[in-house]
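Quick notes on the structure that follows.
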Amino acid sequence: MHIDPFDDLPPSPQPSWTPEKQREFLEALARCGSVKASAAYVGMSREGAYRLRRQQEGRAFDRAWDAALIHARDLYAETLLETGLHGWTETVWYHGEEVGERTRFSPGLLLAALARLDAKAEGIDMAGEAAREAAADFDAMVEAIGEGDDCDEMLARQDETARARRTFVSGRSRSGPSDEELFARLEMCQERDRIAQTPPEDIDTSDLDPCKAEEWDDLQWARAERSGMMDEPDFWEKVAPEGLDYDGDEDDDDSGDWPDPDSRPFP
């Protein structure tokens with residue numbers, strides 16, 4: 001009978017969430033906002049991370065987790081807005097060969113990712129301002145967790161400060177641009193860039209009637225300027241046939257003097 005010499009050996013112990021792994025996980029979570037990726041980074045499972053978070057001894061870990069997501073949201077907001085405005089470079093392949101590069105834009109995709117982190121941060125705020133206090137103490141808190149220190153005093157101080165803040169800001173509403181407004185801003189910036197990069201002769205001006213310039217939006221003015229339409233001799237006469245002066249009144253004595261094209265009469 002074959003006897004396996006390893007049969008009597010005890011099973012290998014499961015990896016544990018050491019203070020050092022907790023610190024590395026929290027720092028990674030603050031950088032990427034992904035629990036799965038952060039757990040994999042320290043060689044642990046996502047399920048194990050959530051299990052530790054639910055335990056009594058994981059109170060400081062739980063609080064620092066929320067704080068890390070707040071930091072991740074702030075970091076993503078800046079990065080996503082920058083990428084949404086300027087796009088990213090993508091390699092172009094043809095028949096298996098690299099033939100060039102192009103700039104890609106996807107503000108919808110970027111805002112969707114930002115909205116997901118927004119929802120997390122908003123939920124954290126609704127659950128308690130203590131997470132915001134922990135975000136302010138994040139570096140010190142993560143260091144204490146990594147050293148295996150008792151964080152009860154720090155947690156109590158954060159709770160007390162959070163209660164005071166809630167009392168002070170009671171009834172105050174939070175304000176800021178909506179996702180729709182951010183999306184519109186991104187699209188506006190991208191369209192301006194596209195117009196600026198288009199040769200003047202390729203600019204479509206078929207919908208630009210100078211006689212109706214007061215109804216134009218900013219992008220229509222941008223197309224008129226880029227195409228050279230604003231430099232045409234009779235452009236400003238069509239825009240304001242009554243003539244303009246710098247006081248905004250009619251100038252009967254000098255109706256042929258038109259203002260500089262940069263000081264257009266309509267926004």
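The values are calculated or read from the model by the stated rules, or taken from the named source; none is laboratory data. Small disclaimer: the values here were computed from a predicted structure and weren't measured. Every residue, glycine among them, receives a Cβ derived from its backbone with ideal geometry; neighbour counts consider all protein chains shown.
Below are the figures for this structure:
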{"read-out": "Odd one out for THR205 among (1) closer than 27 Å to ARG102 by Cα; (2) polar (S, T, N, Q); (3) surrounded by fewer than 13 Cβ atoms within 10 Å (Cβ to Cβ)", "value": "(3)"}
{"read-out": "Inter-residue pairs, beta-carbon under 9 Å, first in the same structural domain as LEU69 (by TED's automatic domain parsing) and on the phi > 0 side of the Ramachandran plot and in segment 28-39, second small (Gly, Ala, Ser) and modelled with pLDDT of 90 or more, 6+ apart", "value": "GLY33/ALA68"}
{"read-out": "In segment 41-78, the residues that are under 19 Å from GLU143 (Cα atoms) and among the acidic types (Asp, Glu)", "value": "GLU57, ASP62, ASP66"}
